[in-house]
């Protein structure tokens, strides 16, 4: 009886795996990689903005934007639940657009970037993780969708 009540309560709160559903299996690797990228991008952008902002304001602002995106996706993956999954999916798609746009821009007009961004050259300075991560994230998030009740 108590198990039924706790199961019903868990169902109302998003299911028993709420908060962990997206971070299971391959999702745990995504959380870890997004966490590492969050720390790297935040550290890089804070240091560059604090010490050399006048040298390459566009590059450093774009790195700060990448940091915000990484932190948000990490948070949503850890939080779990359907709403978080959807938010992470939208953010991963926006991240991919950003990486492709900035990556192309840095190759087409290198003079606009006196210093690299996290997304420069499609993430070359980060072993192309910035271009691979959103693609992998989108695939994982699409496949981790909960089946709808019949």
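The translational diffusion coefficient of the range 30-97, from Stokes-Einstein at 25 °C and 0.890 mPa s with a Kirkwood hydrodynamic radius over alpha carbon pairs, comes to 198 µm²/s. Test of understanding: what is the full-extension gain from residue 86 to residue 104, defined as 0.36 nm times their sequence separation minus their Cα-Cα distance? Extra length from residue 86 to residue 104 when fully extended: 3.8 nm.
Starting from the Kirkwood radius over alpha-carbon pairs of the range 72-112, derive D by Stokes-Einstein at 20 °C in a medium of 1.002 mPa s and give it in µm² s⁻¹.
Taking Rh from Cα pairs, D becomes 188 µm²/s.
For the range 22-143, the relative contact order comes to 28 percent (Cα pairs under 8 Å, sequence separation of at least 6). Under Stokes-Einstein, with the Kirkwood radius over Cα pairs as Rh, the value for the range 22-143 at 10 °C and 1.306 mPa s is 110 µm²/s.
Here residue 145 and residue 32 are evaluated by their C-beta separation; at R0 = 25 Å the FRET efficiency comes out at 0.70. Between residue 128 and residue 58, residue separation times 0.36 nm minus the direct Cα-Cα distance comes to 23.1 nm.
Taken together, the values in this text are just the output of simple stated rules run on the coordinates, not laboratory data. Predicted model, so just to flag it, every value in this text is computed and none were measured. As a convention, Cβ positions derive from the backbone with ideal geometry for all residues, glycine included, and neighbour counts pool all protein chains shown.
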